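None of the figures in this text is laboratory data; all of them are computed from the coordinates on show. Just so you know, these numbers come straight off a predicted model, no measurement behind them. A quick note on method: Cβ atoms are made from the backbone with ideal geometry, for glycine too, and the neighbour counts reach across all protein chains shown.
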Ligand code: 3HC
């Protein structure tokens, strides 16, 4: 129940005047850590924020299958190939749970996919970097899935029920993904000097893009404050980034690899690692679609969609046949 558009929110979205009683009830439920469910009343801006975040998250899972898929035919053993296949399939599943969660908010799968393919929707910057050697598969598991877990564990307590519930299974699977990546690198650093050098090279290239996954610094994040108030986000971008650095540096030490940051230093007083400045110009360029392999990713993604048309057609024909039989 809202009337007319009045203003712009900090994220630049139109704001509507909502029924104050419904709004107060909604806010009280969110403040009490109640889950909001699809049939519950919710402010329009809350719904839009969720569709934006959940659909971007789903797109990231789906596009994230591509850099690893490139290595399926070149995995060095049957064991590694089976692990990689399982991981990539999990990512496809994550995308599907998340698209379903977004659909409960009144948006269709077709709209979301169109937005991705037309370049309107965002997906994580991390997937616009190339996978150049086998150690990159380890680095993606360890760092990219590691960063995803750091971000996603708090989302199990996000205020929208279907999103929170999807995150429970996703986090369990991401945890396996992180460990398989770390295990792969552990094997490489204990292999030949060339294998250890490949692992170091992968860390050098993936470290900074992994830190960018958490989004812009809090002072430049247009969405964080409102998303925290609505308990969609439970921690800020900088808080999560710091947690990731603190958890990951000792893991790099254990691998005998050095984190490519001359400013990285344990700060006794803060009880955290200090780390160097992220190249925010690079981050914003990649967000705008100028990542090193952004064009390849999107053309591969569109081709995968076109190649899969026969599967969707077959599923529709099967459903129509069943419906016709049931009607008869
Ligand atoms: N890549 C691309 N876009 C990014 C980004 C990144 N790394 N970080 C921020 N942005 C975008 C935001 O989407 C937002 O754009 P929009 O307003 O047009 O939607 C803009 O930059 C400003 O950022 P904010 O910090 O204000 O935006 P949010 O409050 O939405 O925070 C976020 C960004 C932390 C990424 C948040 O959306 C989030 O937690 N999303 C859910 C998790 C997610 O999407 N993860 C993707 C990681 S990859 C993954 O999970 C796959 C796994 O298999 C590894």
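Computed values, structure above
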{"quantity": "Failed item, numbered, when residue 133 is tested on (1) under 30 Å from residue 161 (Cβ atoms); (2) more than 17 Å from the chain's Cα centre (by Cα)", "calculated": "(1)"}
{"quantity": "Residue count for the range 176-203, restricted to those that are free of Cβ contacts under 8 Å to residues at least 12 places away in the same chain and either within 17 Å of residue 132 (Cα to Cα) or touching a strand residue (DSSP E or B) at 6+ places or on another chain (Cβ under 8 Å) (or both)", "calculated": "2"}
{"quantity": "Top-ranked residue of the range 236-265 - restricted to ones that are touching a residue at least 12 places away in the same chain (Cβ under 8 Å) and touching a strand residue (DSSP E or B) at 6+ places or on another chain (Cβ under 8 Å), ranked as nearest to residue 197 (Cα to Cα)", "calculated": "249"}
{"quantity": "Residue in the range 108-135 that is surrounded by the fewest Cβ atoms within 10 Å (Cβ to Cβ), counting only those that are without any contact (Cβ under 8 Å) to a residue 40 or more places away in the chain and not in a helix (DSSP H, G or I)", "calculated": "120"}
{"quantity": "Selection count where residues are more than 14 Å from the chain's Cα centre (by Cα) and closer than 21 Å to residue 254 by Cα, scope the range 136-174", "calculated": "5"}
{"quantity": "Hits in the range 153-167 - residues which are surrounded by 21 or more Cβ atoms within 10 Å (Cβ to Cβ), part of a helix (DSSP H, G or I) and within 13 Å of the ligand (Cβ to nearest atom)", "calculated": "155, 163, 166, 167"}
{"quantity": "Residue list for the range 218-241, filter: more than 9 Å from the ligand (Cβ to nearest atom) and touching a helix residue (DSSP H, G or I) at 6+ places or on another chain (Cβ under 7 Å)", "calculated": "230, 231, 234, 235, 238, 241"}
